[in-house]
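Everything below concerns the one structure shown next.
The values are calculated or read from the model by the stated rules, or taken from the named source; none is laboratory data. Since the model is a prediction, treat every value here as computed from it, not as a measurement. Virtual Cβ from ideal backbone geometry, glycine too; neighbours counted across all protein chains shown. For accessibility, only protein heavy atoms count, side chains too; no ligands or nucleic acids. Shrake-Rupley method; radii C 1.70, N 1.55, O 1.52, S 1.80 Å.
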Amino acid sequence: MRRLLAVPYFIWMLVFVITPLLLMAGYSFLDFSGNITLNNYAEFFSGNYIKMTVSSFWYAFLITIFTLLVSYPLALAVRMTSNKTMWLLIIILPTWINLLLKTYAFIGIFGRNGVVNGIAGWLNIGGFQLLFSDAAFIIVSVYIFMPFMLLPVFNAIDDIDNNLLNAARDLGASRTEVLFKVIMPLSVEGVKTGVQVVFIPSLSLFMITRLITGNKVITLGTAIEQQFLTNENWGMGSTIGVFLILMMLIVMIFTGGSSKKRVNKI
Amino acid sequence: MKTFISLIAVSLTAGIILLVTANLLEQSDNNDGNTLYVYNWGEYIDPGLLEKFYEETGIRVVYETFDSNEAMMVKVNQGGTPYDVIFPSEYTVEKMIKDQLIIPLDYSRLPNAKNIDNDISSRMPEEITAYSVPYFFGTVGILYNEEIVPELKFSTWNTLWDESLENEILMVDGAREVLGMSLNSMGESLNTTDDEKLQTAADKLIQLSPNIRGIVGDEIASMMTENEAQVAVVWSGMAQDIMRENDEMNYTVPKEGSNLWFDAMVIPKNSENTDGAYQFINFLLDSEIAAVNTEWVGYATPNTAALELMDEEVRKDTRFYPEDEQLESLEMYRDLGPEMISRYNELFLQFKMSLD
Amino acid sequence: MKKLSHLYLLIVIVLLYFPILYLMFYSFNSAGNMSSFDSFTLEHYISVFTNQRLIVIIINTLAVALISSAAAVLIGLGGALFMYNVKNSTRRILLSINNIMIVSPDVIIGASLLILFTLAGISLGSVSVVLAHIAFSVPIVVLMILPKLYNMNHSLVDAARDLGADYKTIILKVIIPYINPGIIAGFFMALTYSLDDFAVTFFVTGSGFSVLSVEIYAMARRGISLEINAVSTLIFLFVFALVFIYYLLSTHKQLKKEKVL
């Protein structure tokens, strides 16, 4: 029965993940004319792409940290409200407006003659060059990913039994102690999921790197898109893709851990 | 439990009902089955003309759009949809001929092709005109804010390197355009395959990086309308769009030369309605129809007969309808083959990575 | 403390909605752009209602999102239940494969699905788009459901089994009610992915079938028309109304409960 239920899932896995993955791995050893080669890998290690990998990693790291810093207190705040589902929905709603459209709004907000500079001018604190800056990139990314972090984190925090927190308080723990010693350890699973769904896609962000940073930030995703669509060099595109997946595996190992044991202990 | 089942059931049923409704809506006026699949850039035809074409011929146009030549090629290569008329740019036409994706045109079935300006189409390689008819054309040039940079005249590409333009230039995200601009500024051809010259052009570009505000795509249009930067390297069509919105902006093509581009109409090999395709192309080549379309799209038309029907202001605008002398300095992009294109892109990537 | 947290919630929500309000504001702009507000007009709304093609596209978009999210939840749930009961090491491998879809850039997914569909002889159109959306929504559903499963006290399942429940009953009566919030979260995430996706849909659509995001991208070349702002505003207000009704209903229920007590 359990296996039967999982059959569609395994079909999905085989058709939509394994097959394209093998195709990609295969392509990474091909050059333009379809000959087998290791040149793509040689080129990957030749400088540009290593530099790009490092900077992608760095930006993804920053985006994840800031997203977590915003989302975690938010999840706590939502937990304290009386109608949690409604507040969650209200926070998720903006993600249903098309991303490109919101990005255009951000261009209008961050631009030289945009809203932020308008307010700054009104307050007499001079103009900002926000558009095309790293800061704008991180703000917009955090904006985009925040709901994706919030949901799993909230799910985990919401599961914590109120009695547990009350007990901790009764036993003399301060609010901060409850937060750090009880809530945080119990919500680790949710945070891990959140980190996965934010860090991994932010390695391959592409559209907003062009729109918001004017290509001053280039992620691995941008490079892959270029190789596939502009250069039509599927071999090189696949090679970068292979490295992207390797990096994802690294992230998975760090955030994987053995979760079941901990639950059993409780 | 109840929530789970109702969630799944409701959304499945609602989804299917919606899908059927949409289908019915679309088919309500499409019963005779004579359809034509047209694949074009977004916002690149007057939608009223599709209606008019239906009234005249009874052929219903199913209109799909793409946002880049390359993405379009991926789809056409796979042959999932049998498109009947596609509107690629000239260098993509060349590639499609090489890949044997399109058919040579039978000009006897396109009597209105006589309206096309020979002076311009004669600049297209013969093999391209054998397979395609130009739709709109233009150049690559400099869009600049007259009010802010009056002393800079941009008669040469080298003005872009002027120190006063620090953090003031937006550029289109295209390897051929940007490297071509640098090659032109050195007096070289923008189809250069000489590696040394390419490298010099790339090095010269890196000197330009302090002046670059950003390298963006189609968003340049809205950004320049907003005065986000004072100068931009753009296609003429885009410049026309911007200048209609922002009258501080002006456009010029430097004297060293630049690119001459075409978007053209082609018929793919797997078209299932070639008759309709010929009728559609011929329809768009009609002088009056082309004039209406040019009015709506706002790009420069190669259709001389249509141009004669337009305002003198439009016709005489040498910024967008260059005179012979300037036409001489313009060059079309040739398909340089995948290895060379890859080299261009690699150098372009280096340039992007030199921006901070 | 509570006040502080409410304040924080409020600030975040204001910031979240700021760009949306910006879009809405300009949907009433007669100047036709998103920069200088000229004067108030409803012309963009009128043109939405007279543009049949746009209406068809909106309906398509909603339909694809609903169908694919529901299907993805069913498939993902099966996968998550299976993963819950396997060895840690096996699960880690399965999870990694699961996540490949999330890390892969849309262009790769789109291009490879296009190849797959043409090889399999699936004609491009509504069916291929729905299949593609299911494909990229499944992993996120699994990721949303799994943590809920871990947090479930396994003795619940054991107890049910001891009381003679078969696997079907356990799943329907014990597990699913418990992980319901995870399922709903997964469903909404899938909706979000589906509504936002451009690149994958672009590659696998055909025969004139289109969704809103593809249309918006095609428009971007000439500057997005404010009709799209109007559409977004309408959709947004519609969804917002639904949330409000939900709120009224749920408070109503609560009141009733309290009265009974």
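For region B:3-19, the set of residues classified as open to solvent by 50 Å² or more (accessible area, probe 1.4 Å) and either within 7 Å of chain C (Cβ to nearest Cβ) or of a type in the set (S, T, N, Q) (or both) consists of B:3, B:6, B:12, B:13, B:16, listed by residue number. Here B:346, B:325 are screened, and the one residue that is modelled with pLDDT under 90, among the charged types (D, E, K, R) and either surrounded by fewer than 17 Cβ atoms within 10 Å (Cβ to Cβ) or in the same structural domain as residue B:88 (by TED's automatic domain parsing) (or both) is B:325. Within region C:199-215, being under 20 Å from residue C:66 (Cβ atoms), more than 8 Å from chain B (Cβ to nearest Cβ) and under 18 Å from the mean Cα position of the chain (by Cα) holds for C:200, C:201, C:211, C:212, C:213.
Take the residues in region B:44-62 that are surrounded by 19 or more Cβ atoms within 10 Å (Cβ to Cβ) and under 20 Å from residue C:220 (Cα atoms); name whichever of them is nearest to the other protein chains (Cβ to nearest Cβ). Filtering first and then ranking leaves B:44. Determine whether residue C:13 is in a helix (DSSP H, G or I), at the interface with chain B (Cβ under 9 Å from one of its Cβ atoms) and either touching a residue at least 12 places away in the same chain (Cβ under 8 Å) or more than 30 Å from residue B:25 (Cβ to Cβ) (or both). No: the conditions fail for residue C:13.
Listed here are the residues, each with its yes/no results for (1) of a type in the set (A, V, I, L, M, F, W, C); (2) surrounded by 24 or more Cβ atoms within 10 Å (Cβ to Cβ); (3) in contact with a Phe, Trp or Tyr (Cβ under 8 Å, 6 or more places away or on another chain); (4) not assigned by TED's automatic domain parsing to the domain that holds residue C:235.
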residue	(1), (2), (3), (4)
C:65	yes, yes, no, no
C:69	no, yes, yes, no
C:76	no, yes, yes, no
C:105	no, yes, yes, no
C:114	yes, yes, yes, no
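The condition (being surrounded by 16 or more Cβ atoms within 10 Å (Cβ to Cβ) and either touching a residue at least 12 places away in the same chain (Cβ under 8 Å) or more than 30 Å from residue C:238 (Cβ to Cβ) (or both)) is satisfied by just one residue among A:69, A:76: A:76.
Remark: residue A:116 falls outside the filter, which requires a residue to be more than 8 Å from chain C (Cβ to nearest Cβ) and open to solvent by less than 40 Å² (accessible area, probe 1.4 Å).
So residue B:92 passes all but one of these: (1) surrounded by fewer than 19 Cβ atoms within 10 Å (Cβ to Cβ); (2) within 20 Å of the chain's Cα centre (by Cα); (3) at pLDDT 90 or above; (4) not aliphatic (A, V, I, L, M). Which condition number does it fail? Among (1) surrounded by fewer than 19 Cβ atoms within 10 Å (Cβ to Cβ); (2) within 20 Å of the chain's Cα centre (by Cα); (3) at pLDDT 90 or above; (4) not aliphatic (A, V, I, L, M), residue B:92 violates only (1).
Is it true that residue A:199 is crowded, with 24+ Cβ neighbours inside 10 Å and over 30 Å from residue B:335 (Cα atoms)? When the stated conditions are applied, residue A:199 passes them.
Of the residues B:105, B:101, B:36, B:110, only one is closer than 19 Å to residue C:52 by Cα and either touching a strand residue (DSSP E or B) at 6+ places or on another chain (Cβ under 6 Å) or at pLDDT 90 or above (or both); which?
Result of the check over B:105, B:101, B:36, B:110: B:36.
Restricting region B:232-266 to residues that are acidic (Asp, Glu) and farther than 25 Å from residue B:324 by Cα, the residue that is most open to solvent (accessible area, probe 1.4 Å) is B:247.
For region A:219-238, the set of residues classified as more than 24 Å from residue B:92 (Cβ to Cβ) and within 13 Å of chain B (Cβ to nearest Cβ) consists of A:219, A:220, listed by residue number. For region A:79-103, the tally of residues that are over 26 Å from residue A:209 (Cβ atoms) and either hydrophobic (A, V, I, L, M, F, W, C) or open to solvent by 20 Å² or more (accessible area, probe 1.4 Å) (or both) stands at 11. With respect to the conditions (1) within 29 Å of residue A:59 (Cβ to Cβ); (2) touching a Leu at 6+ places or on another chain (Cβ under 9 Å); (3) open to solvent by 10 Å² or more (accessible area, probe 1.4 Å); (4) more than 14 Å from chain B (Cβ to nearest Cβ), residue A:216 lacks only one, and its number is (4).
Scanning region A:110-123 for residues that are within 23 Å of residue C:220 (Cβ to Cβ) and modelled with pLDDT under 90 gives A:111, A:112, A:113, A:114, A:115, A:116. Among residues belonging to region A:154-196 that are small (Gly, Ala, Ser) and more than 8 Å from every other protein chain (Cβ to nearest Cβ), point out the one that is surrounded by the fewest Cβ atoms within 10 Å (Cβ to Cβ). That would be A:172. Tell me whether region B:348-355 contains one or more residues that are away from chain A (no Cβ under 14 Å) and part of a loop (DSSP other than H, G, I, E, B). No, region B:348-355 has no match at all. If the condition is being acidic (Asp, Glu) and within 16 Å of residue B:341 (Cβ to Cβ), then region B:58-107 contributes B:70, B:90, B:94, B:99.
Restrict the check to region A:188-195 and report whether at least one residue is modelled with pLDDT under 80 and either assigned to a loop (DSSP other than H, G, I, E, B) or aliphatic (A, V, I, L, M) (or both). No; the residues of region A:188-195 include none that is modelled with pLDDT under 80 and either assigned to a loop (DSSP other than H, G, I, E, B) or aliphatic (A, V, I, L, M) (or both). The condition of being more than 11 Å from chain C (Cβ to nearest Cβ), touching a Phe, Trp or Tyr at 6+ places or on another chain (Cβ under 9 Å), within 23 Å of residue C:34 (Cα to Cα) and open to solvent by less than 20 Å² (accessible area, probe 1.4 Å) holds for only one of A:137, A:110, A:128, A:106, that being A:137. Only residues that are free of Cβ contacts under 8 Å to residues at least 60 places away in the same chain, assigned to a helix (DSSP H, G or I), surrounded by fewer than 24 Cβ atoms within 10 Å (Cβ to Cβ) and not charged (D, E, K, R) were counted in region C:141-175, giving 12.
Within region B:259-273, being modelled with pLDDT under 95 and not in a strand (DSSP E or B) holds for B:269, B:270, B:271, B:272, B:273. Where helices (runs of 4 or more DSSP H) fall entirely within region A:1-83, those with at least 3 residues that are at pLDDT below 85 and either farther than 30 Å from residue A:216 by Cα or at the interface with another protein chain (Cβ under 9 Å from one of its Cβ atoms) (or both) are at A:2-12, A:19-27.
With respect to residue C:96, is the statement that it is under 21 Å from residue C:66 (Cβ atoms), part of a helix (DSSP H, G or I) and among the polar types (S, T, N, Q) true?
Details: under 21 Å from residue C:66 (Cβ atoms): no; part of a helix (DSSP H, G or I): yes; among the polar types (S, T, N, Q): yes.
In short, no.
Restricting attention to region C:45-88, the residues being within 11 Å of chain A (Cβ to nearest Cβ), of a type in the set (A, V, I, L, M, F, W, C) and over 14 Å from the mean Cα position of the chain (by Cα) number 8.
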